[in-house]
Structure formats: structure tokens, C-alpha cells
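Read the figures in this text as sums done on the coordinates, not as results from a lab. From a predicted model like this one, the values you see are computed outputs, not experimental measurements. Here the Cβ positions follow ideal geometry from the backbone for every residue, glycine too, while neighbour counts run over all protein chains shown.
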Amino acid sequence: MADSSFDIVSKIDRQEVDNALGQTAREVATRFDFKGTGASIEWQGENAIEITASADDRASAVLDVFKGKLIKRGQSLKIVDASEPRQSGQQSKIGIALKEGISSEDAKKISKLIRDEGPKGVKAQIQGDELRVSAKKRDDLQAVIALVKEQDYDFAVQFTNYR
């Protein structure tokens, strides 16, 4: 019988992030406390978002609204890497980078954890920016998923391709 397997990945659901950004932009446009502050949020390329406002505290408030919308849409806040507010002329700006993929050193950490603490006979292979975990028994794979979920990594973790 063939081994069962699944992939550990760190991916961004772009549609959900885009929806959260759109909801945040609409809320910022209609909320009374953002009137006249020039507050806005928009995409800057493929993996970046920029928040602009007239003051640091208003820009931080827009960031908080955006984070709230991401949570409501089931996205982890670990994908968001926000910079400190910076002055740009009369404006205050916050750059947000979206983190995607598991770095090779993080993949090595997860694979070492699975080898050391996981059930016997479970294999973990690094494949680019994801990790393939395979075992003879599906119960062992369930144990590995539980083990990885209880760890606190600084990146979002999803489990895909379970077969």
C-alpha cells in the first residue's frame, strides 16, 4: 500500500486579503473619525500594501481595522509584516509586506521537530517553499498535524493535499 501524505505550506489567500483590503477602504471612507485625515489603504505591487494618513495614529488605526478584517476572513496575522509609521512630506505612511512560503531554515526546523518528536516512520521532505510529510498510517499524519499546530511559528501554517 502506498504511503499517505500531506503538504505543510504557508500561502496567502489573495482573494481574501483583497476582500479585507476593500472592506477596510470602504470603512475608512465612511467612518467619522477618519473624515479629513486623508486616510487610505491600497495595493503596492503584488505582495505589498500601503496605508497613508495625515498622522501616525490615524495610519495605525487603519492598520488595526485591516487586521480586524483579515481575522474575520479567516486569515492569520502572521502573513502581515507591517513597518513602523514613517513621515513622507505631510503624510504618514505604513508599508505592509505579505509573507508567503516557508524559508528553508524554517522547513528544516519543522522537519527536525517531526523527526525528533513525531511518530516513528514519518518522513518529511523539503520541496521548495513547502514540506511534504508522508507515513504508512494516516493516524501518524494526524499526530504530526497536531504536533505542528501546537508550535508557535512566526509564519502562517496550512495543511494541504491530504491523501
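Annotations for the structure displayed:
- Relative contact order %, the chain, counting alpha carbon pairs below 8 Å whose residues are six or more apart: 33
- For region 59-76, the Karplus equation 6.51 cos²θ - 1.76 cosθ + 1.60, evaluated at θ = phi - 60°, returns couplings of 5, 5, 5, 5, 4, 4, 4, 4, 4, x, 5, 4, 4, 4, 8, x, 9, 6 Hz by residue, with Gly and Pro reported as x.
- Axis angle, to the nearest 10 degrees, between helix 138-149 and the longest C-alpha principal axis of the chain: 30 degrees.
- Within region 28-66, backbone nitrogen closer than 15 Å to the virtual label 7 Å beyond the Cα of LEU77 toward Cβ: 60-66
- Entries of LYS120/LYS149; LYS11/LYS35; LYS11/LYS69 with Cα pairs more than 23 Å apart: LYS11/LYS35
- Pairwise Cα separations in region 98-163 fall into 5 Å bins from 0 onward with the following percentages, short to long: 3, 17, 32, 29, 14, 4, 1, 0.
- Relative contact order (%) - criterion: Cα under 8 Å, at least six apart; region: region 14-98: 30
- The chain, Cα convex hull volume normalised per residue, Å³: 119
- Between 0 and 90 degrees, the angle of helix 14-30 with respect to the longest Cα principal axis of the chain falls at about 20 degrees.
- Distance (nanometres) between label positions extended 7 Å along Cα→Cβ at GLN44 and ALA146: 4.4
- Under DSSP loop assignment and at most 10 Cβ neighbours within 10 Å, longest GluC sites (Glu not before Pro)-free interval of the chain: 47-149
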